[in-house]
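**Q** Here it is, the structure, as structure tokens.
The values are calculated or read from the model by the stated rules, or taken from the named source; none is laboratory data. Just so we're clear, the structure is a prediction, and the values are computed from it rather than from any experiment. All Cβ positions, even for glycine, are placed from backbone atoms using ideal geometry, and neighbour counts span all protein chains on display. We work out accessible area using only protein heavy atoms, side chains counted, and drop any ligands, DNA or RNA first. Shrake-Rupley method; radii C 1.70, N 1.55, O 1.52, S 1.80 Å.
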Amino acid sequence: MKYDRIIEKFKDSKISQRLLKDINKVKDDISLMEVCGTHTVQIFKTGIKSGLNKNIRLLSGPGCPVCVTAAEDIDKAIAIACRKDVILCCFGDMIRVPGSKASLDSASANVKIMYSPIEALGLAEGRPDKKIVMFGVGFETTIPAFASVLERAKKQRVNNLYILPVFKLIPPAIRALLESKYVNIDGFILPGHVSAIIGENDYRFIAREFNKPAVITGFESADILEGILLLLDMIKKRKPRVKIEYSRSVDSKGNQLAKKTIYRVFEKTDVDWRGLGRIKNSGLRLRKEFNGFCVDKIMNIKIKTPRNNPKCICGSVITGAREPSDCKLFTKECVPGHPVGPCMVSSEGTCAAFYKYGDKNEAG
Amino acid sequence: MRQDRISLSHGSGGSLMADLIDEVFIGSFGNKILGALDDAARLNLPKNKIAFTTDSYTVKPLFFPGGDIGKLAVCGTLNDLSVMGAKPLAISVSFIIEEGFLISDLRKIVGSMAAAAKECGVWIVTGDTKVVGRKEADGLFINTSGVGTLHDGMSVSCRFVKEGDAVILSGEIAEHGVAILDSREKLGLEPKIKSDVACVYHLIKSCLGFSKYIHAMRDPTRGGLVSVLNEIARASGVGIKICENDIPVKKEVVSACDLLGLDYLSMANEGKVVFFVDSGKAKSILSRLRKNKLAKKARIIGRAVKGRQVFLETRLGTKRLLPLLEGEALPRIC
């Protein structure tokens, strides 16, 4: 109950209104990127987007796991799920993401929506006649749960559970954004959930090497507004640092237990991001001891390099270089009921958020 | 009954079917009209202005915190009649049962249908049973239809809302949707959230003295509050503004929705009513409503305004649109 009351403070309208007023006193043109999809949605949902003056621009970053999964990986998941001896377990918002030809819910695929990877272990035990394949999608937030399920499966000698790991790590993506100079970003609103696992230290390079401020931020309206205010203050004083606003959940070292679990099972590797291309050490593969769980060990699935719809600009939307309204498909061919690109699929995708709450029909 | 599970013979028209009807259905629903076992119910309706509605129920799981498919199937149809300003009189029930279904479960479900109908003073007057083979249905589907007579002096329609009308919500929202999701997916939410499934007839009846000031009523089921507001705005050609701070909702429901990335404004309810009423009488209607146990937390949540859009005044004091949901809401990854 105590925690409930703390959360209530962060939802408090008077505190939030005061913070918004202070932010709107700043007159400089400033572009901030919220890396996480949950932030993108909350910024719309709580009314922050419509309350900010136009000189403060919020760009949505590569923080929706559905959106950054490469089409090739989705094609591979579909091909796996179409095999008769397989049940593919994946998170709900993954099933509508378009691959190059079909999505998991439109292809004749055997898919089970899971809320937690532990369900896949139960399914494997209950269905020894099937190969249960987990579609390992997500950032640092969800990876520990997959790792711990694999450890448990190894201990229990479950021999029909597999994983297709396409996990992504956030700090290397931020580095790639900063190095590539895709967009002009003055500061970062860093994801709260991911940071609860990895802590603050992995982000220090943002300030040290690139002279940009960053704030690890929570998800209630007062959290986000305070995060923005801290960024504006550091920008004004030209003292970039990495700060933690979400201190009720995040500390500098992160969750040691979760991190250790991840790296007992996985190791870093280079992976492809939709929109950002191949990024060094930004993904995970199974360590040798866990290689028996790798789906590639039991089936040899070859995927042709897929073609994305050439008109789809999801790649640029993910990097904050362009906004959904710049896309010719947005709200026309590409709508949530019939998404062309991944950013329209997930409820946390930038295009879906803009479509639902956004500028196309601004509230009067 | 000798068997403990439904078999194809229970739907074949033979003696097993007769036993099932006698023991399970007539035993619980018992009334003269149904007991006659004619091909159709003969009804004497006191008036010739009637409301008539039908709905099918396929909820999964069949039993959930706060109710079951039987209670839902009766309350849902009674609520559809009630929000049209009708007094429900009689309903039909039609079962499609999968072979192998537990007869003890069927008895429980039929028992809650009988209880819900009795509470509302309504008779179940005609019915049908079909049994389909294994895997040809998901346990049990129920269809109910209902008739009722329209109250004198009450004329409600989704087209009758006028600019300036007050919007009253009868209680805390999103509980049915969250309860179903929790029990279907075994999320283990704590504290347990119960479905609000209930018949709203008596609640609406308590406001009959205000009939001419009530312009529209809707029960916010699938699609939740957002769907109702958008349907009314479109049908009546008005805009609707509601205030986030005034919307009654339990904290644990908001937390559950936050956790799953779902919007409580779009989650289903099965025992709530949204009233669109003359603004001058809104407070009187509200205090009348609050005397009913189903509407202790009723609030005025907004009003009909110029324009065609539905929007929310956020806690921050800013505005955002509340458009209809496209497709099914999928829980997010992280």
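**Q** So B:Leu140 fits all but one of (1) open to solvent by less than 30 Å² (accessible area, probe 1.4 Å); (2) modelled with pLDDT of 95 or more; (3) over 30 Å from A:Ile118 (Cα atoms); (4) in contact with a strand residue (DSSP E or B) (Cβ under 9 Å, 6 or more places away or on another chain); what number is the exception?
**A** (3)
**Q** Scanning the range B:258-307 for residues that are in a strand (DSSP E or B) and of a type in the set (Lys, Arg), which turns out nearest to the other protein chains (Cβ to nearest Cβ)?
**A** The residue in question is B:Arg303.
**Q** I need every pair where a residue in the range A:334-346 that is facing chain B (nearest Cβ under 9 Å) and among the β-branched types (Val, Ile, Thr) has its Cβ under 6 Å from the Cβ of a residue that is in a strand (DSSP E or B) and open to solvent by 20 Å² or more (accessible area, probe 1.4 Å), sequence separation at least 6 or different chains.
**A** none
**Q** In this structure, does B:Ile180 turn out to be more than 19 Å from A:Tyr115 (Cβ to Cβ), β-branched (Val, Ile, Thr) and either in a helix (DSSP H, G or I) or at pLDDT 90 or above (or both)?
**A** No; evaluated as a whole, the condition is false for this residue.
**Q** Further, regarding this structure: Output yes when any residue across the range B:281-294 is within 26 Å of A:Ile6 (Cα to Cα) and open to solvent by 40 Å² or more (accessible area, probe 1.4 Å), and no when none is.
**A** no
**Q** Sort through B:Arg218, B:Arg184 and tell me the only one that's under 15 Å from the mean Cα position of the chain (by Cα) and open to solvent by 20 Å² or more (accessible area, probe 1.4 Å).
**A** B:Arg218
**Q** Among the numbered criteria (1) at pLDDT below 90; (2) within 13 Å of chain B (Cβ to nearest Cβ); (3) open to solvent by less than 20 Å² (accessible area, probe 1.4 Å); (4) in contact with a strand residue (DSSP E or B) (Cβ under 7 Å, 6 or more places away or on another chain), which one does A:Ile95 miss?
**A** A:Ile95 satisfies all of (1) at pLDDT below 90; (2) within 13 Å of chain B (Cβ to nearest Cβ); (3) open to solvent by less than 20 Å² (accessible area, probe 1.4 Å); (4) in contact with a strand residue (DSSP E or B) (Cβ under 7 Å, 6 or more places away or on another chain) except (3).
**Q** Could you tell me whether the range B:243-251 includes any residue that is assigned by TED's automatic domain parsing to the domain that holds B:Ile193, in a strand (DSSP E or B), closer than 28 Å to A:Val41 by Cα and open to solvent by 10 Å² or more (accessible area, probe 1.4 Å)? Steps first, please.
**A** Here is the first cut: in the range B:243-251, the ones assigned by TED's automatic domain parsing to the domain that holds B:Ile193 are B:243-251.
Narrowing further to those that are in a strand (DSSP E or B): B:243.
Checking which are closer than 28 Å to A:Val41 by Cα leaves us with B:243.
Still in the list and also open to solvent by 10 Å² or more (accessible area, probe 1.4 Å): B:243.
Yes.
**Q** A further question on this structure: If I go through the range A:273-307 residue by residue, how many of them are in a strand (DSSP E or B), open to solvent by 30 Å² or more (accessible area, probe 1.4 Å) and touching a helix residue (DSSP H, G or I) at 6+ places or on another chain (Cβ under 7 Å)?
**A** The qualifying residues number 2.
To keep it simple, each residue is scored yes or no on (1) in contact (Cβ under 8 Å) with a residue 24 or more places away in the chain; (2) out of contact with any Asp or Glu (no Cβ under 9 Å at 6 or more places or on another chain); (3) of a type outside the set (Gly, Ala, Ser).
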| site | (1), (2), (3) |
| --- | --- |
| B:Ile193 | yes, no, yes |
| B:Ala198 | yes, no, no |
| B:Leu203 | yes, yes, yes |
| B:Cys207 | yes, yes, yes |
| B:Ser211 | yes, no, no |
| B:Pro220 | yes, yes, yes |
| B:Leu225 | yes, yes, yes |
| B:Leu229 | yes, yes, yes |
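**Q** Only one of B:Val253, B:Val238 is under 26 Å from B:Met84 (Cβ atoms), out of contact with any Leu (no Cβ under 9 Å at 6 or more places or on another chain), in contact (Cβ under 8 Å) with a residue 40 or more places away in the chain and not polar (S, T, N, Q). Can you tell me which? Please lay out each step first, then the result.
**A** Values: B:Val253 fails: under 26 Å from B:Met84 (Cβ atoms).
Only one candidate passes the filter, namely B:Val238.
**Q** Further question: I'd like to check which helices (runs of 4 or more DSSP H) are fully inside the range A:121-234 and have at least 2 residues that are without any contact (Cβ under 8 Å) to a residue 40 or more places away in the chain.
**A** In the range A:121-234, A:143-155, A:170-180, A:205-210 are the helices (runs of 4 or more DSSP H) which contain 2 or more residues that are without any contact (Cβ under 8 Å) to a residue 40 or more places away in the chain.
**Q** Now for a separate question. Residues B:Lys130, B:Lys118, B:Lys87: which one is basic (Lys, Arg), without any contact (Cβ under 8 Å) to a residue 24 or more places away in the chain and open to solvent by 30 Å² or more (accessible area, probe 1.4 Å)?
**A** B:Lys118
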